[in-house]
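**Student:** One structure follows; several queries about it will come next.
The values are calculated or read from the model by the stated rules, or taken from the named source; none is laboratory data. These numbers were taken from a predicted model, which means no experiment stands behind them. As a convention, Cβ positions derive from the backbone with ideal geometry for all residues, glycine included, and neighbour counts pool all protein chains shown.
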Amino acid sequence: MRNIKAIMKRELHGYFSTPVAYVFIVIFLFMTGIFTFYVGSFYERNQADLEPFFNFHPWLYLFLLPAIAMRLWSEERKTGTIELLMTLPVTVADAVVGKFLAAWIFSAIALALTFPIWITVNYLGEPDNAVILSAYIGSLLMAGGFLAIGSCVSALTRSQVIAFVIGAAICFLFVLSGFPMVLNLFQAWAPQALIDVIASFSFLTHFSSISKGVIDLRDLVYFVVLILFWLYATVVVIDIKKGG
């Protein structure tokens, strides 16, 4: 645990020692504001909730979080510092978890800075704050899923650009699998059981339930298992690359 904490601190310091972190946060806050108040017609809806705010999170994460994850391992491999990291008294699993937690905490900081929107909706009406809190938790879990996938892809290549493109593409498939338009393509010929399986892989399916205030154990297990699976895959990839 001490090794994980040390790596996490190292990575977090790396984020905020360059302007990249601040630029990301500004872009994230700007985009959430645009999507909430303009694209999502926040005021025109005349409803005291943050549905327009959370509805766009999967699509914002689709582009922004792979941009964070792409540097987790690609940069280490490109600069050769991964060899130095592996010579330290830490396991590959420690390094993977430490880097992931740093990226996740950074994402949580960006998400927490959207609190003025929460304050705004409370000023304008009487929202169900328990539902909003639930949606924040779901959003953070979903962010962890995006980052875990991006971490694995980043370990596969030295190029951050390639890591971003492939990571975003895989995340897009996880989002798209629950999209009604995609599911409708299967309804004409596939059994309902298969459609349910396809939908169960989607971020949208599980996040939608949590964002409505319904915290189902199955949704929580989905995100936890997804994160653990991709982190384990990251460890395997790094071990293979190290062995090669």
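**Student:** Could you list all residues from the range 34-63 that are in a helix (DSSP H, G or I) and either over 23 Å from the mean Cα position of the chain (by Cα) or modelled with pLDDT under 85 (or both)?
**Tutor:** Going residue by residue through the range 34-63, those that are in a helix (DSSP H, G or I) are 34-39, 42-45, 51-55, 57-63.
Scanning the range 34-63 gives PHE35, THR36, PHE37, TYR38, VAL39, PHE42, TYR43, GLU44, ARG45, GLU51, PRO52.
Yes/no matrix, rows are residues, columns are (1) under 17 Å from the mean Cα position of the chain (by Cα); (2) at pLDDT below 90; (3) among the polar types (S, T, N, Q):
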{"position": "ILE198", "(1), (2), (3)": "no, yes, no"}
{"position": "SER211", "(1), (2), (3)": "yes, yes, yes"}
{"position": "LEU217", "(1), (2), (3)": "no, yes, no"}
{"position": "TYR232", "(1), (2), (3)": "yes, no, no"}
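**Student:** Still on this model: Quick check on the range 30-73: of everything there that is small (Gly, Ala, Ser) and at negative phi, which residue is surrounded by the most Cβ atoms within 10 Å (Cβ to Cβ)?
**Tutor:** Keep residues of the range 30-73 that are small (Gly, Ala, Ser), which gives 33, 40-41, 48, 67, 69.
Next, only the ones that are at negative phi stay: 33, 40, 48, 67, 69.
Numbers: GLY33: 15, GLY40: 19, ALA48: 13, ALA67: 17, ALA69: 29.
Top of the filtered list is ALA69.
**Student:** Right, something else. If I filter the range 69-84 down to residues being touching a helix residue (DSSP H, G or I) at 6+ places or on another chain (Cβ under 6 Å) and hydrophobic (A, V, I, L, M, F, W, C), which single residue comes out as modelled with the lowest pLDDT? If you could, list the steps in order and put the result at the bottom.
**Tutor:** Start the filter on the range 69-84 by keeping residues that are touching a helix residue (DSSP H, G or I) at 6+ places or on another chain (Cβ under 6 Å), which leaves 69-74, 76, 82.
From what's left, hydrophobic (A, V, I, L, M, F, W, C): 69-70, 72-73, 82.
Numbers: ALA69: 88, MET70: 87, LEU72: 81, TRP73: 80, ILE82: 63.
Selected residue: ILE82.
**Student:** Let me ask you something else. Within the range 7-29, which residues are farther than 22 Å from PHE115 by Cα and surrounded by fewer than 18 Cβ atoms within 10 Å (Cβ to Cβ)?
**Tutor:** Listed by number, the residues that qualify are LYS9, ARG10, HIS13, GLY14, SER17, THR18, PRO19.
**Student:** Taking the condition of being surrounded by fewer than 24 Cβ atoms within 10 Å (Cβ to Cβ), in a helix (DSSP H, G or I) and of a type outside the set (Phe, Trp, Tyr), how many residues in the range 151-167 meet it? Quick ask: steps written out before the conclusion?
**Tutor:** Looking only at the range 151-167, we keep the residues that are surrounded by fewer than 24 Cβ atoms within 10 Å (Cβ to Cβ), and these are 156-162, 164-166.
From the residues that got through so far, the ones that are in a helix (DSSP H, G or I) too are 160-162, 164-166.
Still in the running and of a type outside the set (Phe, Trp, Tyr): 160-162, 165-166.
The qualifying residues number 5.
**Student:** List every residue pair whose Cβ atoms sit under 6 Å apart, with the two residues 6 or more apart in sequence or on different chains, where the first one lies in the range 154-181 and is touching a residue at least 40 places away in the same chain (Cβ under 8 Å) and the second, anywhere, is surrounded by fewer than 16 Cβ atoms within 10 Å (Cβ to Cβ).
**Tutor:** ARG158/LYS78
**Student:** Something else about it: Being touching a residue at least 40 places away in the same chain (Cβ under 8 Å), surrounded by 20 or more Cβ atoms within 10 Å (Cβ to Cβ), touching an Asp or Glu at 6+ places or on another chain (Cβ under 8 Å) and farther than 20 Å from GLU11 by Cβ, is that true of even one residue in the range 102-113?
**Tutor:** no
**Student:** Within the range 216-226, count every residue that is closer than 17 Å to ALA130 by Cβ and surrounded by 14 or more Cβ atoms within 10 Å (Cβ to Cβ). If you could, list the steps in order and put the result at the bottom.
**Tutor:** Going residue by residue through the range 216-226, those that are closer than 17 Å to ALA130 by Cβ are 216, 219-220.
Restricting the remaining residues to those that are surrounded by 14 or more Cβ atoms within 10 Å (Cβ to Cβ) gives 219-220.
Qualifying residue count for the region: 2.
**Student:** Let me ask something additional. Would you confirm, using the coordinates I've provided, whether ALA93 is modelled with pLDDT of 90 or more and either in a loop (DSSP other than H, G, I, E, B) or under 17 Å from ALA155 (Cα atoms) (or both)?
**Tutor:** Values: modelled with pLDDT of 90 or more: no; either in a loop (DSSP other than H, G, I, E, B) or under 17 Å from ALA155 (Cα atoms) (or both): yes.
So ALA93 fails the test.
**Student:** Yes or no: ILE7 touching a Lys or Arg at 6+ places or on another chain (Cβ under 7 Å) and under 28 Å from GLY98 (Cβ atoms)?
**Tutor:** Working: touching a Lys or Arg at 6+ places or on another chain (Cβ under 7 Å): yes; under 28 Å from GLY98 (Cβ atoms): yes.
Spelling it out, ILE7 is indeed touching a Lys or Arg at 6+ places or on another chain (Cβ under 7 Å) and under 28 Å from GLY98 (Cβ atoms).
**Student:** On to the next question. Only residues in the range 14-27 that are over 14 Å from LEU65 (Cα atoms) count as the first member; pair them with residues that are at pLDDT 85 or above and exposed (fewer than 14 other Cβ atoms within 10 Å of the Cβ), Cβ under 8 angstrom, at least 6 apart or cross-chain, and list the lot.
**Tutor:** Pairs found: PHE16/TYR22.
**Student:** Take the conditions within 11 Å of the chain's Cα centre (by Cα) and crowded, with 24+ Cβ neighbours inside 10 Å and apply them to ALA148. Does it pass? Spell out the reasoning first.
**Tutor:** Numbers: within 11 Å of the chain's Cα centre (by Cα): yes; crowded, with 24+ Cβ neighbours inside 10 Å: yes.
Yes; evaluated as a whole, the condition is true for this residue.
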